[in-house]
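Quick notes on the structure that follows.
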Amino acid sequence: MQCGSDRVNERIFEIVGSVKNYKWGKRGNNSLVRQLTVNSLFLDSTSDDHYAELWFGTHPSGPSQVIPFSKKEHPELNSLAAHLYKDADAAIGNTNHVKLANSIHLPFLFKVLSIRTALSIQTHPDAKLAKKLHQQYPEIYKDSKHKPELVIALTNTLVMCGFRPLNEIAEFLRQTPELTMVIDKNIVNEFLYVCDTSPASSHTKPLKRLFSALLCADKYTLSCAHRKLLERMPSFQPNDSALKKVLQALLEDFFEDAGLLCAFLFNVIELSPGEALFLKPNTIHAYISGDCIECMAASDNVIRAGLTQKYKDIDMVINTVNYKAERPKILRGENLQDSFLFSPFERIYAPPVSEFQVGLLRLDQESHIYVLPALPAISIVLVYRGSGILTRFPGHSPGYSYPLKTGRSYIIYKDTSVEIHVKEEIVLYRACPSMLSSLPA
Ligand SMILES: [Zn+2]
């Protein structure tokens, strides 16, 4: 017997994610997170509560559990980290996982988010800063690791990400009295002067002063500026339609917050389903609304600067944020069917980090059987929609099969090929450590 299961040598296990009921999450049936948990026998999703996040992985703040094959004989769920420890050789593969006394921790964390009101303006530290912050303030920064992050939109998703190109910020400073009334005139003039006269490389200090002045503006001046902005919202017609949506959302939910006017400084992007952004460490960002997949290095380190009641470390953000001012690249996933590791019906989102990548698989032919090639490392599969049957390939006796339904999730061990029999069009997301380093150049 192995892993507390009745089935020896099994390489696919159903898991159950960890639900987070943060107040910014969508409520009840409106939440995609709740919709994804409705089919789970192990998650209580009957209330009208907030369903903000669903986590898959081994992070101690929200570890996944492995569902036993026989509920009757093994009524208890097993922690995924402990399960992997018992089956490490068969399961994991060559990843930079962490092995502790009786658990193994995956290098990535895979989530679904369903966002009703904005999440805080934040950055995630790079490896060096994460280590330092964890040593100095272990109560606040609980992880010692960096946290590069990938967001893939499931529905239209509004995001603020990185600083706008300088000419856009300058244009807003010239045309937006609500912005200039909260920032010292000298700081605004210095920024405009540098933008007009100097190469882009010299903009960092003036942009830092501008950002700092905005975040540290006094509450009274901010509320005057926000009131004026609210009054002229009906006639406000920026070229950037996403900007208006963000301002409307923030004026409703964060009227007192200095983060509101940051929408004029940050890129504002409305991702369509399937579009994605990679957020390098130290990139300023905030998710405003929508539903998305998020995958990241297994860390929970957040340095907050606005749009939140939680602890903010504004000085830390001001001093460590990346001041590069440019439009971010929108990713749409790549088809890498030349490789033996990927399928023709899979789009891969693979940022330049070793900890993770995400595949989006669309299996649209009903009654068809699709084969997913074996990967050299463990993966987590989430059924976003559809129905069908998952089995090992080629059919190993006695050929166990696993139901695929919206919200069901599985771990698939390394070196395990699977086949999927489609009943209704299936859309799957598959997260695993980055495979690109193992591809031929
Ligand atoms: Zn983030």
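With respect to the conditions (1) over 30 Å from residue 414 (Cα atoms); (2) away from the ligand (no atom under 16 Å from the Cβ); (3) open to solvent by 10 Å² or more (accessible area, probe 1.4 Å), residue 176 lacks only one, and its number is (3). Taken over region 103-122, residues that are part of a loop (DSSP other than H, G, I, E, B), of a type outside the set (Lys, Arg) and modelled with pLDDT of 90 or more amount to 6.
Within the set 133, 100, the sole residue that is more than 18 Å from the chain's Cα centre (by Cα) and surrounded by fewer than 20 Cβ atoms within 10 Å (Cβ to Cβ) turns out to be 100.
Within region 285-305, residues that are touching a residue at least 24 places away in the same chain (Cβ under 8 Å) and in the same structural domain as residue 431 (by TED's automatic domain parsing) reach no partner that is among the aromatic types (Phe, Trp, Tyr) and within 10 Å of the ligand (Cβ to nearest atom) with beta carbons closer than 7 Å at six or more positions or on different chains. In region 356-408, the qualifying residues are those that are surrounded by 15 or more Cβ atoms within 10 Å (Cβ to Cβ) and not in a strand (DSSP E or B), and the one that is farthest from the chain's Cα centre (by Cα) is 400.
Only one of the numbered conditions (1) surrounded by fewer than 16 Cβ atoms within 10 Å (Cβ to Cβ); (2) at pLDDT below 95 is not met by residue 186, and that is (2). Whether a residue is in contact with a Pro (Cβ under 6 Å, 6 or more places away or on another chain) and small (Gly, Ala, Ser) was assessed, and residue 350 does not pass this test.
Among the residues of this structure, residue 134 does not count as one that is within 13 Å of the ligand (Cβ to nearest atom) and more than 27 Å from residue 26 (Cβ to Cβ). Considered as a group, the residues in region 105-126 that are away from the ligand (no atom under 16 Å from the Cβ) and over 15 Å from the mean Cα position of the chain (by Cα) include one that is surrounded by the most Cβ atoms within 10 Å (Cβ to Cβ), and that residue is 106.
The values are calculated or read from the model by the stated rules, or taken from the named source; none is laboratory data. This structure is a prediction, so every number in the text was calculated from the model and none was measured. Quick reminder, even Gly has a Cβ in these numbers, built from the backbone with ideal geometry, and neighbours come from all protein chains shown. To get the accessible areas, we keep the full protein, side chains included, count just its heavy atoms, and leave off ligands, DNA and RNA. Shrake-Rupley method; radii C 1.70, N 1.55, O 1.52, S 1.80 Å.
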